[in-house]
Amino acid sequence: MGYYRNTIEDLYSGHFKNSYGVEGMCITGRNDYKKIIDVSDDMKEHVLKEVKKSYYKYNGMSGGNEREDEAYARGLNEYYKTLDREDRLSAAWTLGQLNLELSGAVTAAIREKVPGWQAGEQIPEGMLDEIFSSKAIETILTRKPEEAKEAKEAKEPKEDRLTLEQPGGSEVPEEEKPSGKVAFNQEKRSRQLASAKTAAQVQVVLSLLKQDLADCENGLANDMCDENEVRKVRAMLQKAQERMSEVSGKGQEQEEESQGSFLINMLM
């Protein structure tokens, strides 16, 4: 994760920045950024490499490697800094949709050859080389923004979308509502934090929470969770940081006594 903190000047001016120091990334109360825009070929390649890694290295899963996740996120945010402020959120949305579409296409191609395949299961040797060199993947990467928008709409015809009625009788497409596909397991992390008795153990929980925050922020940007999930992770991160100050300096004896309980809670 990035480590930028907003200064007093940032707060007074309203020029809030995200954890990587990028201004214009706040989505609170906004929905206008959800549009496909033109992004650089280098960033498309950046996303493609991330998708490839998840399949070649982790069989379709994220892997949870903090260093790799940090490198990917930092690459995205450095690119956003080169764009006009009003285009940054839309670029994030576009690249997020590209990641989802590529991942969906790869998973679908695997399941055509291995019915019932699930993420995490072994992928037959040579299959991914064939899939990633296919015309389908090339088409996704080379489409113009308008073509990408049309392809997305074709997969989700308006007449087939579920709608929810608002007060006053107007209807809102279900796609504009958070889907809840990304959720923070607050109970599990609370249990793990409570069982952490040493700085090393709290650091393990902190690393997990930072990954949770990255997942929820990405989910929020891609309409896969709501802001409440992000708030819950941030609150838990604050507790973990306070816990770290409490346990700093615990000796080896304390660590050995608590190790069994901590490991059990990490596995639950």
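Bear in mind that the values in this text are calculations on the coordinates, not laboratory data. Quick caveat, the model's predicted, so the values are computed rather than measured. Note that each Cβ is placed from the backbone with ideal geometry, even for glycine, and that neighbours are counted across all protein chains shown.
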- Rounded to one decimal in nm, the spacing of the 7 Å Cα→Cβ label points at Gln203 and Thr142 is 4.9 nm
- The simple spin-label model distance between Arg74 and Arg191, using points 7 Å out along Cα→Cβ, in nm, is 3.5 nm
- Task: Could I have the simple spin-label model distance between Asp38 and Lys149, label points 7 Å from Cα toward Cβ, reported in nm to one decimal?
- Result: 1.4 nm
- Query: By how many nm would the segment from Tyr56 to Ala235 lengthen if fully extended, with 0.36 nm per residue of separation less the alpha-carbon distance?
  - Reply: 61.0 nm
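So, R0 is 22 Å and r is the distance between the beta-carbons of Glu66 and Glu242; what FRET efficiency does that work out to, to 0.05? Intermediate values should be presented prior to the final figure.
Working: r = 21 Å, r/R0 = 0.96.
Result of the calculation: an efficiency of 0.55.
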